[in-house]
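*Asks:* I have a structure here, written as structure tokens, and I will follow up with some questions on it.
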Amino acid sequence: MKRYLRKPLMLGVYLPAAALTLGAFSYQPLEYSLPLELPEPKVAEVQLEEPHTLAEVSIADFVYTIQPGDTLSTIFERLGVSQKEMYQVLESDVSILALDTLKPGDKLGFWLEEGRLQQLELRFNVAHQVVFSRAAEDTFEYSEVLVEGQWREQVVSGEINGSFYTSAKRAGLNAAEIQRISALLQDKINFRRDLRAGDRFQVVRAEQYIDGEATGNTRLEGLRVFNRSRELTAFMFDGNYYDLNGESLARAFMRYPTKRRFRLSSQFNPYRKHPVTGRVRPHNGTDFATPIGTPVLATGDGVVTRVTKHPYAGLYIVIEHGEKYKTRFLHLSKALVRKGQTVSRGQKIALSGNSGRSTGAHLHYELHINGRPVNAMKAPIPVADAVGKDDRMAFNQLKDRLLEQMNANQG
Ligand SMILES: [Zn+2]
């Protein structure tokens, strides 16, 4: 049986330089949008050389752009890919939980072979892709591409007139950034009570670019809030935030996500093998043998960015703690927080459970540093600390540079 690769006629014209430098993954320009019927693509069919491997075949058969209201099921159905295969992908996704983060505008690349899914690429932006590839008859494995790119700084400044939220929004900050600022300074200021009309704020925001294209990712490098006679500051240094004097703004993390210690039923293991296929199926978290209904605690100050149900992970929560740290809690029975909420270390955020595909009641807890899962039981966790002696000079240089930018752009 011949296999064909659908290839656009003018492929080279469309391939962005970023895709080429990434090597393995690139996109064809044909895109389909729901609720349109999938048209017959205007493409030339070229014979595919054997063997069919990821490196050689980098052109998706279909690229689909996510529309508002889409679900993974409806998209798979449109493309004629079976629900069984969707669940096989979801099973692999439990280790990375990338599918739940898809939003309108993101792209899905499908590689099909005689109607069977061989590969699915999630293209969030030029800086971030996740690829699910068929590893065996009924198994997919994932890989993730994160590109650092360049960060371009810009000063955003404004004055308080109404709430901090509306004032910051007017100045050009987005909801997530405003939430991050509130979480960052929550120990220092009550944004609702303490701010007065006429108070000012300045933020040095960096936007990520890859080959001249904005990815939509931003980070807050420094900020200043003039609250009546006092000045609140935050500077990001080595992924953590410090005030003007180099004192940490983050409170220390807790090692365990529960008040009581529970038996560790499964360790973090990035090389865990699938018992049947023998393929690597990473265990990106630590499992605790918690009975259903055990209170689950936030291990650090942060913002809840996801409260979602996943067929395999069950009900789960994701909390972002500044730019560098992220935690995840899986198989919960009940969430006690909602998306967008600011939480403090030790706050009760959920009750543990046995939801999703789980072999028994337990809590699966993950810690990520700079976008990568780490062993939460062993990794260096944030300790509320000042900038170390050896780093003082570098910190002061960075602080002075950011202050200079803010001074030059008084709003
Ligand atoms: Zn687990």
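*Asks:* Hey, any hits in region 179-191 for a residue that's in contact with a helix residue (DSSP H, G or I) (Cβ under 6 Å, 6 or more places away or on another chain) and among the aliphatic types (A, V, I, L, M)?
*Replies:* no
*Asks:* Moving to a separate point now. When the residues of region 281-296 are narrowed to those that are more than 12 Å from His364 (Cβ to Cβ) and surrounded by 15 or more Cβ atoms within 10 Å (Cβ to Cβ), which ends up farthest from the ligand (Cβ to nearest atom)?
*Replies:* Top of the filtered list is Pro295.
*Asks:* Take His368 and tell me if it is under 14 Å from the mean Cα position of the chain (by Cα), surrounded by fewer than 21 Cβ atoms within 10 Å (Cβ to Cβ) and closer than 26 Å to Glu177 by Cβ.
*Replies:* Spelling it out, His368 is indeed under 14 Å from the mean Cα position of the chain (by Cα), surrounded by fewer than 21 Cβ atoms within 10 Å (Cβ to Cβ) and closer than 26 Å to Glu177 by Cβ.
*Asks:* Still on this structure, please answer the following. Please go through region 123-151 and give me each residue that is hydrophobic (A, V, I, L, M, F, W, C) and in a loop (DSSP other than H, G, I, E, B), ordered by number.
*Replies:* Scanning region 123-151 gives Val126, Ala127, Val147.
*Asks:* Looking only at region 315-329, which residues are crowded, with 23+ Cβ neighbours inside 10 Å and away from the ligand (no atom under 16 Å from the Cβ)?
*Replies:* The answer is Ile319, His321, Gly322, Tyr325.
*Asks:* Also, I was wondering about something else. Gly302 passes all but one of (1) away from the ligand (no atom under 16 Å from the Cβ); (2) crowded, with 21+ Cβ neighbours inside 10 Å; (3) without any contact (Cβ under 8 Å) to a residue 40 or more places away in the chain; which number fails?
*Replies:* (3)
*Asks:* Another question, then. Among the numbered conditions (1) under 16 Å from the mean Cα position of the chain (by Cα); (2) within 30 Å of Phe235 (Cβ to Cβ); (3) more than 16 Å from the ligand (Cβ to nearest atom), tell me where Thr308 comes up short.
*Replies:* (2)
*Asks:* Of (1) open to solvent by 10 Å² or more (accessible area, probe 1.4 Å); (2) assigned to a strand (DSSP E or B), Leu332 satisfies all except one. Which?
*Replies:* Status for Leu332: all satisfied but (1).
*Asks:* Which of the residues that make up region 87-120 are in contact with a Gly (Cβ under 8 Å, 6 or more places away or on another chain) and over 17 Å from Glu77 (Cα atoms)?
*Replies:* Hit for region 87-120 is Val94, nothing else.
*Asks:* Quick test of your reading of the structure: Ile210 fulfils all but one of (1) touching a residue at least 24 places away in the same chain (Cβ under 8 Å); (2) closer than 30 Å to Leu117 by Cα; (3) within 17 Å of the chain's Cα centre (by Cα). Name the failing condition by number.
*Replies:* (3)
*Asks:* When you scan region 340-410 for strands (runs of 3 or more DSSP E) that lie fully inside it, which ones turn up with 1 or more residues that are within 21 Å of Asn269 (Cβ to Cβ) and more than 16 Å from the ligand (Cβ to nearest atom)?
*Replies:* It comes to 363-369, 372-374.
Yes/no matrix, rows are residues, columns are (1) over 17 Å from Ala234 (Cβ atoms); (2) of a type in the set (S, T, N, Q):
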residue	(1), (2)
Tyr325	no, no
Gly346	yes, no
Gly353	yes, no
Leu363	yes, no
Met377	yes, no
Val383	yes, no
Asp400	no, no
Gln410	yes, yes
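Per-residue answers, yes or no, for (1) outside any strand (DSSP E or B); (2) open to solvent by 40 Å² or more (accessible area, probe 1.4 Å); (3) among the hydrophobic types (A, V, I, L, M, F, W, C); (4) touching a residue at least 40 places away in the same chain (Cβ under 8 Å):
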position: Asp100; (1), (2), (3), (4): yes, yes, no, yes
position: Gly105; (1), (2), (3), (4): yes, yes, no, yes
position: Gly109; (1), (2), (3), (4): no, no, no, yes
position: Glu121; (1), (2), (3), (4): no, no, no, yes
position: Glu153; (1), (2), (3), (4): no, yes, no, yes
position: Gly158; (1), (2), (3), (4): no, no, no, yes
position: Ala168; (1), (2), (3), (4): yes, no, yes, no
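*Asks:* Please specify each residue of region 72-93 satisfying the condition of being open to solvent by less than 20 Å² (accessible area, probe 1.4 Å) and among the charged types (D, E, K, R).
*Replies:* Across region 72-93, the qualifying residues are Glu85, Asp93.
*Asks:* May I pose another question? Pick from Phe268, Phe262: which is over 19 Å from Leu403 (Cβ atoms), within 21 Å of the chain's Cα centre (by Cα) and among the aromatic types (Phe, Trp, Tyr)?
*Replies:* Phe268
The values are calculated or read from the model by the stated rules, or taken from the named source; none is laboratory data. Just so it is clear, the model here is predicted, and its values are computed rather than measured. Neighbour counts are summed over all protein chains in view; Cβ atoms, including those assigned to glycine, are modelled from backbone coordinates with ideal geometry. Quick note on the areas: whole protein, heavy atoms, side chains included, nothing else; ligands and nucleic acids left out. Shrake-Rupley method; radii C 1.70, N 1.55, O 1.52, S 1.80 Å.
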